[in-house]
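Take a look at the structure set out below.
Bear in mind that the values in this text are calculations on the coordinates, not laboratory data. Given the structure is predicted, the values throughout are model-derived calculations rather than measurements. Using ideal geometry, Cβ is built from the backbone for each residue, glycine included, and neighbour counts are taken over all protein chains shown.
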């Protein structure tokens, strides 16, 4: 049915279907808009009641304030944490390293395990796969203390190993990629075996290129989980090994009357940029991976 053949009632219903989407978009955009405003407002403007919905005098003082010693001024984001080598950017680098390494390694481990479960038959395969799926039903709060004790015994506290190694197993990523791999024809794998390729070569040269859309989709979830992780880094790190969520959780003072809110908004803006850029770059692969995986298996 084309737009010309639709009745007025049908046209109204068609446009009304967009109302919930528009409302949801507005609700999601408002916090980000408020964050951008706060990052470039002066302390005096942040203290105004009622708050302004626009920026009267845009400044960069929340990032770096050369007049930090004057009244109604405070140290900018990049003037803080002077006792840490690199300051705020050291924590930023920690989060980038942890998120990127965890995402890449977790996807490689999950894809290799998914290949075994999807394309190899061995005794107890289904029972083992159900056991892996069952692990997703265990709350993370149950395992956090045993994991901490293990990391402590290994001497990994306040190291990258404590932030990376325990986060590598992802049962949902394994399940997600396995569902995608079930659609790959077995003839491709059999032909590679006839040509003398071993299993790791088949996984690397044949399976991985075919599951890139699913890996991109799952990679965004894994990356976000690591980028936003607060509790585990709070337990196993201190000082210069802190990550961004831990630092930002201690940055805001609710009684600072505007002196800290601008700096925290500036930090939030910088922290959110990598996630936004990554999603914009890979949004097509993300949507394609989700859609195709939903049709597999």
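Counting Cα-Cα pairs of segment 167-225 in 5 Å increments starting at 0 gives whole-percent bin shares of 4, 17, 25, 22, 15, 10, 5, 2, 0. The convex hull drawn around the Cα atoms of the chain, when projected onto a plane and averaged over every direction, covers 24.1 nm².
Among 129, 279, a tally of other beta-carbon atoms within 10 Å of each Cβ gives an order, fewest to most, of 279, 129. Size of segment 108-217: Rg and Dmax of its alpha carbons, in Å, are 16.7, 49. Panel order for 14, 47, by other beta carbons found within 10 Å of each beta carbon, from fewest to most: 14, 47.
Each of 44, 268 was scored by other Cβ atoms within 10 Å of its Cβ. Arranged with the fewest first, they read 44, 268.
Taking the centroid of alpha carbons for each part, segment 7-63 and segment 98-168 are 39 Å apart.
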